[in-house]
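The values are calculated or read from the model by the stated rules, or taken from the named source; none is laboratory data. A quick note: this is a predicted structure, and the numbers were derived from the prediction, not measured. Methodologically, a virtual Cβ is constructed for each residue, glycine included, from the backbone with ideal geometry; neighbour enumeration extends over all protein chains shown. Just the protein is used for accessible areas: all its heavy atoms, side chains included, with ligands, DNA and RNA removed. Shrake-Rupley method; radii C 1.70, N 1.55, O 1.52, S 1.80 Å.
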Amino acid sequence: MSRAEAERCVLAGRVAVNGVRTLDPERPTNPERDTVSIDGRPLRAARKVYLAMNKPAGCITTAKDPLGRPTAYDLLPPGAGSLQAVGRLDADTSGLLLFTNDTDFAARVADAGGGVEKVYVARIGGRLRPEDARRFESGVELDGTVTRPARCRVLESDERAARVEVTLTEGRNRQVRRMWEALGYPVLELERVRVGPVTLTGLAPGRTRPLDEFERTVILLEEH
Ligand code: URA
């Protein structure tokens, strides 16, 4: 169930910890030691699920949209259970979006302090000057703080536009777009192609696949 549904169950008095009813949804429990039951039936932790999605542009990363726009959650396979997107991609950004019900895993990937690399391919407008690619790498001031060191590889470049591959270790709101805009280049297209060891290879737009054990382990063991 969702966090909100779980909270309602606790407040309705349906939940007990070690046989004692609790009305406190924030009551700490240790899944290794405590037995949590609902309506007298003991619960087991949900099986951990880790999915990679190739989000198409035009979908938003919110479970429910008051404006009725298509969401990435609509594309999850039936029966995937209650999963959360790990971080967000803008509606107009396509590419790799992870989903899980493992909060530790999600925290590792999303951690603003860095660790897990996120790689994007961007098409930016204007003639890219090499010194601006270096400025992108050494950090750009956004909201009063300088972004962490990044990498920028120029894939193609002409008088009117450039295609660049950029690697970040943080995930601030609309970070890639705002960094290029701060340097004077509009982002015309943006796709995330890799998160840590997970790539988009073989994953068609709109499709999902489970992460394999190697991918999960590398992310959980990533240095911080
Ligand atoms: N940076 C952006 O600007 N947009 C995204 O969706 C992800 C990273």
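Observations, loosely collected:
- With both labels modelled 7 Å from their Cα along Cα-to-Cβ, the Glu137 to Lys64 distance reads 4.7 nm.
- Residues with amide H under 5 Å from that of Leu188, placed H, sequence gap 5 or more: Arg123, Ile124, Gly125
- Geometric extent, Cα atoms of the range 100-213 - Rg, Dmax (angstrom): 15.0, 46
- Using the 1.4 Å probe convention, the accessible area of the chain works out to 58 Å² per residue with neighbouring protein chains retained.
- Approximating the spin labels as points 7 Å out from Cα along Cα→Cβ, the Ser157-to-Arg172 distance works out to 2.3 nm.
- Converting phi to 3J(HN,Hα) with the Karplus coefficients 6.51, -1.76 and 1.60 and the offset θ = phi - 60°, the range 147-163 yields 5, 5, x, 10, 10, 9, 10, 7, 8, 8, 7, 9, 5, 9, 7, 9, 10 Hz in sequence order, with x at every glycine or proline.
- Summing Lys and Arg as +1 and Asp and Glu as -1 over all other residues whose Cβ lies under 13 Å from the Cβ of Leu203 gives a net charge of +2.
- FRET efficiency, Met1 to Glu32 (Cβ-Cβ, R0 25 Å, nearest 0.05): 0.70
- Surface/4 of the Cα convex hull for the range 3-42, nm²: 2.6 nm²
- Dividing the convex hull volume of the alpha carbon atoms of the chain by its residue count gives 157 Å³ per residue.
- Inter-label distance, nm, simple model (7 Å from Cα along the C-beta direction), Lys48/Val218: 1.7 nm
- All other residues whose Cβ lies under 9 angstrom from that of Thr61 are scored, Lys and Arg at +1 and Asp and Glu at -1, for a net of +1.
- For Val49, the residues whose amide H sits under 5 Å from its own are Asn101, Asp102, ignoring neighbours fewer than 5 places away on the same chain, with H placed 1.01 Å from N.
- Relative contact order of the range 3-42: 39 percent, from C-alpha pairs under 8 Å at least 6 residues apart in sequence.
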